[in-house]
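Student: Dumping the structure here so I can ask a few things about it.
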Amino acid sequence: MCGIVGYVGARTCGPILLEGLRKLEYRGYDSAGLAVHDGEKIEIVRAVGKLDNLARALEQNSLEGVTGLGHTRWATHGRPSEANAHPHAAGEVAVVHNGIIENHLELKQQLESEGIEFSSDTDTEIVAHLVDSALSAGAPSLMEAVRSALKRVRGAYALAVLCNREPDRIVVAKSASPLVIGIGEDETLCGSDIPAMLGHTKHMIFLEDGEMAELTPASASIETIEGDPVQREPLHIDWSPVMAEKGGFKHFMLKEIFEQPRAIEDTLRGRIDLEQADVLDEEMGLDAETARRIRRVSILACGTSYHAALAGRYWIERLARVPATAEHASEVRYRDPVFTEDDLVVAVSQSGETADTLAAVRAAREGGAHVLAVANVLGSAIPRASHGAFYTHAGPEIGVASTKCFTTQLVGLLLLAIQLGRRRGTLSADRARPILQELLRVPNEIRAALDYKDDVFTVARHWQHAQHMLFLGRGLGFPIALEGALKLKEISYAHAEGYAAGEMKHGPIALIDADMPVVVVMPEDEQYEKTMSNVQEVRARDGKVIAVVTDSDTKAKQVADFLLKIPPCGSTVLPLITVIPLQLLAYYIADLKGTDVDQPRNLAKTVTVE
Ligand code: AGP
């Protein structure tokens, strides 16, 4: 999705804005631009394609000034072109925007009837004209002109606006798309996401829907769009700028795969009481009384987070004996869902901003459900819209393909299942303790799984040209089969399908022949024998088997064509380990193919449109 960055202070802002945009590249974009106030007027430079094209354009026309805006655009209205790239200028103002103006056609017709001509196909340019018209009509300040424009606009937006006549300020506004303000020393920044500003400040204010703010070097004054003042203290974000760097790895994704042991240690730290065999209530975002009271758990999420939700459902039913479902958040609102006060709804989202998940949270709250968010970004929209939050401490995840956020979400959901089980009396301390001990061993087991990376590379080299791949798994292996397939298709663009192994004979078996590699998640667990039967069925049809197996497993070695090994580990935590070779397999195949691993085509890290 689009990325916004803004700066007002005393330093030349062009390089700060460009650097900020580089930190937002992972969000996905197809063109970019900067607008800088040079003291007399606003200058704009834009370019189609990657930021290097914008950097080259800036060499021809370096923008000098201390107040400016930057933007990376992910096309929604109008194809990727220089004319459609942001910032958009109209008269005295320049605007950058993330989101969609829903009543753009109606507004455009009104403006055209007033004689205004448009130079782009975007909905954003409409906002620029609305603000400029308000200034021409006598609005006393940029803040008031933006306010009057917003009153005519319907839709989702994060906006930042710069004005010729007020060179020392930026006005920002938010409705449904994220907008964060960074409070520095004698300078103020804004951005769509924290990494854009981390190099300059760790003090961030998250704007809420329906709010706007006037940013000057010395202050950020927040008001509602109706004009009521808002007081909000900055949050201290303890991510370091280095956490958002590649640190010697070829790609962010590879770095993030290898960071998983640390991310899980950080997520577990201080949350477990081994003596009581329990999880600390105050760390879960859910109080003991609610845990006891609820009669159903619905876990809602999209994409990879949905796969974590599927594993969470399994754990909650098994350990807490409460009915649990996992559902695509993108579908919930379209089926007129029934939520009641007896429901616990768990919204899982690494970004905390996914529009579909946020909409599902709102639907759940309307029904009276208690909502708990599992998120990685402190203060993001989904935790804010929920009653409580469990924060995974994965640190910033920059690669579009989620890895460390997935495994830390699994940790959060397993801790939740244990907490529910302990509070509801379905999980004794004697049963809970070994599971907690299993969890504490996971970081080292992931390290051991990562040590098999060269073997995974060998398998990847063999299959790098595969056009299709089938992934099968049972029980806790099923969400991992789905996740392995999603990782592969996201970054290598190969067609990959994940299936419950038991479903194979109900259809997918028709696909199997000598050209169909089948990845089977089959660690030595309760389902091992049954999954082994699926392997035999694949072999009987000449399919090639790539098996994810425990390294001590001698039977699998005889039947599989290729092995992806994991160390022995407890059966409850298996998904946290079996996913590791599949993340590496997807990564190596994509890298061998030469795709843009960290920013795969058509994908965005934070999906703020429905
Ligand atoms: C993961 O690799 C994907 N890029 C995508 O499926 C992602 O998990 C999904 O968009 C949900 O994102 P969220 O966790 O930020 O809500």
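The values are calculated or read from the model by the stated rules, or taken from the named source; none is laboratory data. These numbers were taken from a predicted model, which means no experiment stands behind them. Cβ placement follows ideal geometry from the backbone for every residue including glycine, while neighbour counts extend to all protein chains displayed.
Student: Can you name the residue in region 358-378 that is within 14 Å of the ligand (Cβ to nearest atom) and among the β-branched types (Val, Ile, Thr) and is also nearest to TYR391 (Cα to Cα) among such residues?
Tutor: VAL374
Student: Could you say which residue among PRO15, PRO80, PRO87 is surrounded by fewer than 21 Cβ atoms within 10 Å (Cβ to Cβ) and within 19 Å of ILE126 (Cα to Cα)?
Tutor: Of PRO15, PRO80, PRO87, the one residue that is surrounded by fewer than 21 Cβ atoms within 10 Å (Cβ to Cβ) and within 19 Å of ILE126 (Cα to Cα) is PRO80.
Student: Further question on the same structure: With respect to the numbered conditions (1) within 16 Å of the ligand (Cβ to nearest atom); (2) buried (at least 20 other Cβ atoms within 10 Å of the Cβ), which one is the sole condition not fulfilled by VAL609?
Tutor: Of everything listed in (1) within 16 Å of the ligand (Cβ to nearest atom); (2) buried (at least 20 other Cβ atoms within 10 Å of the Cβ), VAL609 misses just condition (2).
Student: Please determine whether any residue of region 555-569 is out of contact with any Asp or Glu (no Cβ under 8 Å at 6 or more places or on another chain), within 16 Å of the ligand (Cβ to nearest atom) and polar (S, T, N, Q).
Tutor: No, there is no match, as no residue in region 555-569 is out of contact with any Asp or Glu (no Cβ under 8 Å at 6 or more places or on another chain), within 16 Å of the ligand (Cβ to nearest atom) and polar (S, T, N, Q).
Student: Please return the ranges of helices (runs of 4 or more DSSP H) entirely within region 270-357 where 3 or more residues are crowded, with 19+ Cβ neighbours inside 10 Å and either more than 16 Å from the ligand (Cβ to nearest atom) or modelled with pLDDT of 95 or more (or both).
Tutor: Here the list reads 303-320.
Student: Please pick out the residue among ALA401, ALA394 that is at pLDDT 95 or above, within 25 Å of the chain's Cα centre (by Cα) and assigned to a loop (DSSP other than H, G, I, E, B).
Tutor: Among ALA401, ALA394, only ALA401 is at pLDDT 95 or above, within 25 Å of the chain's Cα centre (by Cα) and assigned to a loop (DSSP other than H, G, I, E, B).
Student: Restricting the search to region 404-430, which residues are in contact with a Gly (Cβ under 8 Å, 6 or more places away or on another chain) and more than 16 Å from the ligand (Cβ to nearest atom)?
Tutor: LEU414, LEU416, ALA417, LEU427 - these are the residues of region 404-430 that are in contact with a Gly (Cβ under 8 Å, 6 or more places away or on another chain) and more than 16 Å from the ligand (Cβ to nearest atom).
Student: Collect the residues in region 247-264 that are touching a residue at least 40 places away in the same chain (Cβ under 8 Å) and surrounded by fewer than 15 Cβ atoms within 10 Å (Cβ to Cβ), keeping them in residue-number order.
Tutor: If the condition is that a residue be touching a residue at least 40 places away in the same chain (Cβ under 8 Å) and surrounded by fewer than 15 Cβ atoms within 10 Å (Cβ to Cβ), then LYS250 is the only one that fits.
Student: Restricting to region 540-587, give me the number of residues that are assigned to a helix (DSSP H, G or I) and over 29 Å from the mean Cα position of the chain (by Cα).
Tutor: Here the count works out to 7.
Student: Pairs needed: first member in region 428-441, surrounded by 15 or more Cβ atoms within 10 Å (Cβ to Cβ); second member anywhere, small (Gly, Ala, Ser); C-beta distance under 7 Å; at least 6 residues apart or different chains.
Tutor: Qualifying pairs under 7 Å: ALA432/ALA277; ALA432/GLY421; ARG433/ALA277; LEU436/ALA277; GLU438/GLY570.
Student: Please give the number of the condition ALA244 fails out of (1) farther than 24 Å from ARG441 by Cα; (2) loosely packed, with under 14 Cβ neighbours inside 10 Å.
Tutor: (2)
Student: Just to verify a result, which residue in region 163-212, among those that are over 30 Å from ALA359 (Cα atoms) and of a type in the set (Gly, Ala, Ser), is surrounded by the fewest Cβ atoms within 10 Å (Cβ to Cβ)?
Tutor: GLY199
Student: Regarding GLU497, is this residue within 19 Å of HIS307 (Cα to Cα) and touching a residue at least 60 places away in the same chain (Cβ under 8 Å)?
Tutor: no
Student: Just one of TYR499, TYR587 is crowded, with 21+ Cβ neighbours inside 10 Å, within 30 Å of ILE194 (Cα to Cα) and at pLDDT 90 or above; which is it?
Tutor: Exactly one of TYR499, TYR587 is crowded, with 21+ Cβ neighbours inside 10 Å, within 30 Å of ILE194 (Cα to Cα) and at pLDDT 90 or above, namely TYR587.
Student: Here's something else I'd like to know. Does ASP598 qualify as being of a type in the set (Asp, Glu) and within 16 Å of the ligand (Cβ to nearest atom)?
Tutor: Answer is yes for this residue.
Student: Additional query: Among the residues of region 387-403, how many are more than 9 Å from GLN350 (Cβ to Cβ) and within 11 Å of the ligand (Cβ to nearest atom)?
Tutor: Number of matching residues: 4.
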